[in-house]
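What follows is a single structure, written as structure tokens, with notes after it.
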Amino acid sequence: MKLDTLTDSVGEWLRGTGPESDIVMSSRVRLARNVAHFPFVSRASAQDRADVERLLRERIARVPLGRGLEYFDVGRLEEVDRRFLVERQLISREHAEAAGARGVAIDDREQVSLMINEEDHLRIQCLHSGLDLHGAWEQIRAVDDEIERVVPYAFHSRFGYLTACPTNVGTGIRVSVMLHLPALVITRQIDKVFRSLQKISLAVRGLYGEGSQALGDFYQISNQTTLGRTEEELLQQVGDVVPVVIEYERRAREFLVRETQQNVHDQVSRAYGILRTAQTIKVEEAMQLLSRVRMGVLLGLIGDVDVADINSLLVRTQPAHLQKLRGIQLEGSDERIERARYLRQHFDAGPGGAGRLN
């Protein structure tokens with residue numbers, strides 16, 4: 001698998017096939033691990049980082065899991081390729097922008113990614129479509145067990161897995177779901193929901209995780225700390241809350257259709273019309289309009305568009321994806337013009353158009 005081949009496909013999590021995928025885009029479980037007897041990344045020398053990168057790359061390649069992964073030397077990738085992996089949710093922004101030896105290993109379904117020398121020596125991530133936290137947990141536990149057989153993790157008998165950030169000490173697990181909540185935004189209930197989540201120690205983040213802003217009404221909900229709690233407790237904490245948020249969003253959508261049908265139909269139709277005809281469009285505006293169209297499709301207000309296509313467009317219209325799809329460097333107005341052209345061509349091509357416009 002070459003990096004360029006990823007532009008011709010979409011990750012499993014974008015197919016919209018998982019449970020509750022009308023509202024839950026994806027479920028993610030991430031584990032933070034460090035190699036024993038090496039300093040944390042923030043305190044490591046360039047030689048330490050290089051040694052950790054080589055050790056993890058070579059040992060992971062020995063296990064059955066590793067033979068099914070493609071490894072990329074992130075430090076040697078061009079900037080557009082690093083941003084492409086961020087937009088794909090396969091590495092973090094911090095990993096893309098860091099310096100020194102680092103890499104990522106990815107499976108061909110883009111469900112598993114192993115980031116080497118991110119904040120911790122190893123960040124294991126499993127990403128599934130829809131609300132499937134237990135499926136992601138079972139997969140990542142198997143991955144972690146395989147790696148632990150060949151890599152000595154930094155572990156304390158009292159505190160658990162030792163991590164660079166104190167909030168991750170213990171299990172090192174972060175459980176998160178990405179939700180599409182346009183109706184709660186339109187009905188102005190979103191802040192009330194988020195305040196309730198924060199009171200029970202759940203964090204709300206934007207599309208690209210910590211420090212990112214919400215785009216297109218997409219939000220990530222995750223646990224904040226791990227120390228003193230088991231993996232199962234943390235999975236249950238997030239797993240118990242998400243159905244409640246889903247129910248709020250469904251009620252808000254029903255309210256919009258029942259009480260303001262003409263208004264919401266107008267918003268969806270305007271968004272669809274702009275996407276089909278615009279000559280120039282910023283990424284933020286495209287995300288917002290695609291969010292409205294996605295909601296319109298799910299409410300039955302638009303009949304000739306697939307949700308999976310909208311999911312794909314949310315990623316393919318990001319700057320690095322657009323640049324790689326077109327094979328030219330794009331900046332400023334050129335990027336905005338090319339994004340609008342790509343969207344027009346997609347919708348003119350009809351359902352499935354996202355897969356044909358490479």
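Values as computed for the structure displayed
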{"read-out": "The chain - percent of accessible surface contributed by carbon and sulfur, probe 1.4 Å", "value": "47"}
{"read-out": "³J(HN,Hα) computed for each position of the stretch 10-17 - Karplus, 6.51 cos²θ - 1.76 cosθ + 1.60, integer Hz, glycine/proline x", "value": "10, x, 4, 5, 8, 6, x, 9"}
{"read-out": "Hypothetical label at A50: residues of the stretch 76-113 whose amide nitrogen lies under 20 Å (7 Å Cα-Cβ projection)", "value": "76-78, 98-104"}
{"read-out": "Rg and Dmax [Cα atoms of the stretch 233-358; Å; Rg one decimal, Dmax integer]", "value": "16.7, 50"}
{"read-out": "Residue among S157, S42, S92 with the largest mean-square fluctuation in a Gaussian network model of the chain, springs linking Cα atoms under 10 Å", "value": "S157"}
{"read-out": "Inter-part distance where the stretch 24-44 and the stretch 170-188 are each reduced to a Cα centre, Å", "value": "21"}
{"read-out": "Global size of the stretch 50-171 as Cα Rg and Dmax, reported in angstrom", "value": "14.2, 43"}
{"read-out": "Cβ charges +1 (Lys, Arg) and -1 (Asp, Glu), total dipole of the stretch 261-358, debye", "value": "100"}
{"read-out": "Size of electric dipole in the stretch 1-54: Cβ of Lys, Arg +1 and of Asp, Glu -1, about Cα centre, debye, nearest 20", "value": "300"}
{"read-out": "Given charges at Cβ of Lys, Arg, Asp, Glu: the stretch 115-189 dipole, positive-most of V175, G160, Q125", "value": "V175"}
{"read-out": "Solvent exposure, largest accessible area first (probe 1.4 Å, DNA, RNA and ligands not counted), of Y219, Y342, Y71, Y248", "value": "Y248, Y71, Y219, Y342"}
{"read-out": "Sorted peptide list for 134-144, 237-247, 254-264, criterion being average Cβ within 10 angstrom, highest first", "value": "134-144, 237-247, 254-264"}
{"read-out": "Accessible area of the stretch 238-310 divided out per residue, in Å², using a probe of 1.4 angstrom", "value": "49"}
{"read-out": "For I302, distant residues with modelled amide H under 5 Å away", "value": "V297"}
{"read-out": "Dipole of the stretch 6-125, positive direction: furthest Cα of M115, Q47, L77, with charges on the beta-carbon", "value": "Q47"}
{"read-out": "Most to least accessible of K199, K324, K192 (protein chains only, probe 1.4 Å)", "value": "K199, K192, K324"}
{"read-out": "Spatial extent of the chain: Rg and Dmax, with the Cα atoms as the point set, Å", "value": "20.7, 64"}
{"read-out": "H180 accessible area, 1.4 Å probe, all protein chains in place, Å² to nearest 10", "value": "0"}
{"read-out": "Vicinal HN-Hα couplings computed from phi for the stretch 172-180 (Karplus, 6.51 cos²θ - 1.76 cosθ + 1.60; Hz; Gly/Pro x)", "value": "x, 9, 10, 10, 9, 10, 9, 10, 9"}
{"read-out": "Pairwise Cα inverse-distance average, inverted: Kirkwood Rh of the stretch 86-234 (Å)", "value": "16.7"}
{"read-out": "For the stretch 104-163, accessible area per residue (1.4 Å probe, heavy atoms of protein chains only), Å²", "value": "38"}
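The values are calculated or read from the model by the stated rules, or taken from the named source; none is laboratory data. Everything numeric in this text was worked out from a predicted model, so none of it was measured. Methodologically, a virtual Cβ is constructed for each residue, glycine included, from the backbone with ideal geometry; neighbour enumeration extends over all protein chains shown. Surface areas here come from the heavy atoms of the whole protein model, side chains and all, with no ligands, DNA or RNA. Shrake-Rupley method; radii C 1.70, N 1.55, O 1.52, S 1.80 Å.
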